[in-house]
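Quick notes on the structure that follows.
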Amino acid sequence: MEKDTIVIHFKSKMITLSFEEFDTDIDIDELVKIHYDNLMGEILTISALLNKVGWLKAEAQDSVRQASLDLAILEAQTKEHYRKTNTVKTQDAKGNAKIKAPTQNEVDNMITTDENCIKTKKRLFRVEKEYDYVDSLYWAVKSKDQKLNRIADSLKPEEYERDIVEGKINGILIKAHKKTI
């Protein structure tokens, strides 16, 4: 598993946040299910899972914003191109110059049918759908977190050590070590 870093810029400081990325293959049903056989592991790792999914959601949301910006820029450039190339200069019977420019509706129709604009809009739709998937995962993990918090409130501290099971839970490897005196 690779470590990734994010640098956050504040007024006079730069903060570097490090985290381990998700495995490339994630079984969503397994991830959002509460494993009652390892309740302590669930309780101990849910915050880290929620954090990872939150970061994943931020990345997906950034992809949507980038794709939206790309589409807005392309549409603006394409509108300008169509306005210029479809503006005709003529002369009337008296020899006066006349300029016939396409209407807003005509330009909008040209944009709607432009092949590059169609491809970019479809890319935006795909990225928005991917964001919706990640957003759904976020809310499922958030729900799991709330349920585990309610369960954790009823547990006694001595149950924590006794009931923890080693293994991978919520994408995090748990290892229990014997205390040395």
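Suppose all protein chains stay in the model; what accessible area per residue would a 1.4 Å probe give for region 25-140, in Å²?
67 Å²
If you roll a 1.4 Å probe over region 4-162 with all protein chains in place, what percent of the accessible area is carbon or sulfur?
Of the solvent-accessible surface of region 4-162, carbon and sulfur hold 52 percent.
Accessible area of Thr16, 1.4 Å probe, to the nearest 10 Å²?
90 Å²
What FRET efficiency comes out for the pair Asp70/Lys13, r = Cβ-Cβ distance, R0 = 45 Å, nearest 0.05?
My answer for the efficiency is 0.90.
Would you list His81, His9, His35 from the most to the least accessible area, probe 1.4 Å?
His9, His81, His35
For region 137-143, take each phi angle, set θ = phi - 60°, evaluate the Karplus expression 6.51 cos²θ - 1.76 cosθ + 1.60, and give the result in whole Hz per residue in order, putting x for glycine and proline.
Computed from phi, the couplings for region 137-143 are 4, 4, 5, 5, 5, 4, 5 Hz.
Starting from region 86-150, pick out the trypsin sites (Lys or Arg not before Pro) whose DSSP state is loop and whose Cβ has at most 14 other Cβ atoms within 10 Å.
Filter output for region 86-150: Lys94.
Which length gain, in nm to one decimal place, applies between Gln77 and Ser154 when the Cα-Cα distance is subtracted from 0.36 nm times their residue separation?
So the extension gain works out to 21.7 nm.
Enumerate the amide H contacts of Ile169 below 5 Å, restricted to partners 5 or more residues apart or on another chain; note that Pro and chain-start residues carry no placed amide H.
For Ile169, whose amide H was placed from the backbone, the distant partners under 5 Å are Ile174.
Which whole-Hz couplings ³J(HN,Hα) result when phi for each residue of region 118-123 is put into the Karplus expression 6.51 cos²θ - 1.76 cosθ + 1.60, θ = phi - 60°, listed in order with x for Gly and Pro?
Once θ is set to phi - 60°, the couplings for region 118-123 become 4, 4, 5, 5, 5, 5 Hz.
Between Ala140 and Phe125, 0.36 nm times their residue separation minus their Cα-Cα distance comes to what?
Full extension of this stretch gives 3.1 nm more.
Can you tell me the length gained on complete extension of the stretch Lys147 to Lys89, counting 0.36 nm per residue apart and subtracting the Cα distance?
Fully extending the segment from Lys147 to Lys89 adds 13.9 nm.
When all protein chains stay in place, what accessible area (Å², nearest 10, 1.4 Å probe) is found for Val88?
The accessible area comes out at roughly 70 Å².
The values are calculated or read from the model by the stated rules, or taken from the named source; none is laboratory data. This one's a predicted model, so the numbers in the text were calculated from it and none came from an experiment. So basically every Cβ, Gly included, is an ideal-geometry build from the backbone, and we count neighbours across all protein chains shown. Side chains included, ligands, DNA and RNA excluded: accessible areas come from the protein's heavy atoms. Shrake-Rupley method; radii C 1.70, N 1.55, O 1.52, S 1.80 Å.
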